[in-house]
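The values are calculated or read from the model by the stated rules, or taken from the named source; none is laboratory data. These figures come from a predicted structure and were not determined experimentally. So basically every Cβ, Gly included, is an ideal-geometry build from the backbone, and we count neighbours across all protein chains shown. Keep in mind that these areas ignore ligands, DNA and RNA; they rest on the heavy atoms of the full protein, side chains included. Shrake-Rupley method; radii C 1.70, N 1.55, O 1.52, S 1.80 Å.
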Amino acid sequence: MRRKIVAGNWKMNMNLQEGLSLAKAVDNFMQKNESGVEVILCTPFIHLAHITTLFKADNIYAGAQNCSNMDSGAYTGEISAKMIKSTGAQYVIIGHSERRSYYNENDELLNEKIIIALNNDLKVIFCCGEVLSEREKGEYYEVVKAQIEKAFSGISLSDFRNIIIAYEPVWAIGTGVTASSAQAQEMHFFIRSVIEKMYGKEQSDKTVILYGGSCKPSNSSELFSMNDVDGGLIGGASLKEDDFCKIIESFKGK
Ligand code: PEP
């Protein structure tokens, strides 16, 4: 049995007060939730140190949405993995398509960020996924395989155990268009086969693979019912308490 995880990616939304109030509401919900689902709130940096002190539920964690590829020093505006860890946060998202496209983060840089995050005892949520033109040309398997192989280059099996993968087809992020459950399942199954080649069957069976891209209460149950879909990375719907909690509940029966 793999872990079931619902992670929220708040992106650049929520001032401090709004964020604390949402985090408190989700924590309250999680205190009563006994389904075993783990929740990770990936917030802007400014919320992290605050929300980690307010969490009371057992299965709720905080994560950042990015970290620097550098340890420390004269890198104005950057936030290091060590700083994130010092807030009590346990996770960091690396490789989100918005970072890849708006901030030109390439596979080599992402590999450096993953290594530095793991070295600082953070767990990584690594995002991969093809853009629309790659899906239309039928290149999506090759694209995702290359992203994974490059990102995890040089990462040992024991370090890899601290990585969660999020498959996020870029054409589905924030667009309202969701991959069908069959499209998600076939890609998750494929990703598991890539992980098996790199780290062996035992590890690939244990690796948590989340789906992300316009996941909402109306489609989460069906997506999460797929064999290789272990939960979701939720953007827009993670900003609404009701929607996010309904998504957490949609594991019922799995
Ligand atoms: C995301 O940005 O990781 C995401 C999945 O966004 P949305 O749910 O809004 O498509």
*Quick check: is even one residue across segment 186-194 open to solvent by 30 Å² or more (accessible area, probe 1.4 Å) and closer than 23 Å to R99 by Cα?*
no
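So which of I164, I155 ends up being within 16 Å of the ligand (Cβ to nearest atom) and farther than 19 Å from F45 by Cα?
After applying the criteria, what remains is I164.
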*Could you say which residue among K197, K137, K113 is out of contact with any helix residue (DSSP H, G or I) (no Cβ under 6 Å at 6 or more places or on another chain), closer than 27 Å to N13 by Cα, modelled with pLDDT of 95 or more and away from the ligand (no atom under 16 Å from the Cβ)?*
K113
*Keeping to segment 125-145, report how many residues are within 20 Å of the chain's Cα centre (by Cα) and open to solvent by 50 Å² or more (accessible area, probe 1.4 Å).*
3
*asked:* If I filter segment 39-49 for residues that are open to solvent by 50 Å² or more (accessible area, probe 1.4 Å), closer than 22 Å to P217 by Cα and of a type outside the set (D, E), do I get at least one hit?
replied: no
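Here's the yes/no breakdown for (1) touching an Asp or Glu at 6+ places or on another chain (Cβ under 7 Å); (2) surrounded by 14 or more Cβ atoms within 10 Å (Cβ to Cβ); (3) not basic (K, R):
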site	(1), (2), (3)
M70	yes, yes, yes
Y75	no, no, yes
K85	yes, yes, no
R100	no, yes, no
*Restricting the search to segment 185-216, which residues are under 15 Å from the mean Cα position of the chain (by Cα) and not β-branched (V, I, T)?*
H188, L210, Y211, G212, G213, S214, C215
*Check every one of the strands (runs of 3 or more DSSP E) wholly within segment 1-99 and list those with 3 or more residues that are of a type in the set (F, W, Y).*
none
*Which residues, taken from segment 3-38, are within 16 Å of the ligand (Cβ to nearest atom) and surrounded by fewer than 17 Cβ atoms within 10 Å (Cβ to Cβ)?*
M12, N13
*Does S218 count as open to solvent by 70 Å² or more (accessible area, probe 1.4 Å) and either closer than 20 Å to K252 by Cβ or modelled with pLDDT under 95 (or both)?*
yes
*May I ask you to list the residues in segment 102-124 that are open to solvent by 10 Å² or more (accessible area, probe 1.4 Å) and among the small types (G, A, S)?*
none
*What are the residues in segment 200-234 that are under 23 Å from N162 (Cβ atoms), within 11 Å of the ligand (Cβ to nearest atom) and of a type in the set (G, A, S), if any?*
G212, G232
*Residue, farthest from N13 (Cα to Cα), within segment 224-236, restricted to residues that are small (G, A, S) and open to solvent by 10 Å² or more (accessible area, probe 1.4 Å)*: S225
*Scan segment 145-159 and report the pairs whose first residue is within 14 Å of V124 (Cβ to Cβ) and in a helix (DSSP H, G or I) and whose second residue is among the hydroxyl-bearing types (S, T, Y) and open to solvent by less than 70 Å² (accessible area, probe 1.4 Å), with Cβ atoms within less than 6 Å and a gap of 6+ or a chain change.*
none
*Please state which of the following conditions V177 fails to meet, knowing it meets all the rest: (1) within 16 Å of the ligand (Cβ to nearest atom); (2) surrounded by 18 or more Cβ atoms within 10 Å (Cβ to Cβ).*
(2)
